[in-house]
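What follows is a single structure, written as structure tokens, with notes after it.
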Amino acid sequence: MKRMRTPLIALAAVGALALSACAGSTDSGDDAAPAPADVSFEEGTTMAALNEAGKITIGTKFDQPLFGLMGPSGTPEGFDVEIGKIIAAELGISEENIEWKETVSANREPFIENGQVDLVIATYTINDERKEVVSFAGPYYMAGQSILVLADNEDITSEDDLVGQPVCSVTGSTPAAMLEEIGAEPVLTDTYSNCLEPLRNGAVVAVSTDNVILAGLAAQNEGEFKVVGEPFTEEPYGIGLALDDTDFRMWINDVLEASYEDGSYEEAWNKTAGTVLPYVDPPTPDRY
């Protein structure tokens, strides 16, 4: 199997996030997308099939600032999106031949299993339960669950303060399961942006999910919310693909690792999530 030049992605592990006045939207800027590589692959592999088709379908979030947010151009913007562009380029696929499919937490596995997407890059935490039905490349980023409250809230400072309290999260997510585990009362919806109005009107006392997602929501709604406490889980973000497609998984891991070395990962971070969050060296992909 032949592998070519490798552009790529950015990773970071962010501790406690204190947000000051920051830009309210993710902007991919005017930077050119990675140029498609002139490559060939071993026949019968997913890489060869996608390269020959000249197109790829990638599931991502459309409502998460910094990682995956539908932009004014009509295409999503953010760090996860940039990762998808780099992987597509290494398959010899140009940006305009990527189909972006909105993917929420609850439908990530079904979209992969049913073949509706080729990849899911959507703040997608790797865990053993999910690995029973899909495969993961990566992790390419290490996040951690944290807490978003109203800017004037001084009562909630850690996960201990959520016990017995209504807290908003998303159906099918690992943060929602963790809220039950710590004794909070999860109030679930389909997207994290839908948690903001219940927080504003007092129906919930907090929103809880990965720190990077909360950071984006706070930055997008400057002055309304703040992220509090230290992250209380580790959330390794992976790239979801069809179960047991080992060649494709290993190839994506190669692309990720090369991007760390050639600077394309850090460049992708800096022009998206890096407008709000600090850069941290990425984790090593797990070649299980």
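Look at Ile156 and say whether it is within 30 Å of Ala258 (Cα to Cα) and of a type in the set (Val, Ile, Thr).
Details: within 30 Å of Ala258 (Cα to Cα): no; of a type in the set (Val, Ile, Thr): yes.
Considered against the rule, which asks whether it is within 30 Å of Ala258 (Cα to Cα) and of a type in the set (Val, Ile, Thr), Ile156 comes out as no.
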- Among the residues of region 244-264, how many are touching a strand residue (DSSP E or B) at 6+ places or on another chain (Cβ under 8 Å) and of a type outside the set (A, V, I, L, M, F, W, C)? 5
- Query: If Met250 satisfies every condition in (1) within 26 Å of Gly115 (Cα to Cα); (2) modelled with pLDDT under 95; (3) surrounded by fewer than 17 Cβ atoms within 10 Å (Cβ to Cβ) but one, which is the exception?
  - Reply: (2)
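The values are calculated or read from the model by the stated rules, or taken from the named source; none is laboratory data. Predicted model only: the values in this text are computed from it and were never measured. In this analysis, Cβ positions are derived from the backbone assuming ideal geometry, glycine residues included, and neighbour counts consider all displayed protein chains.
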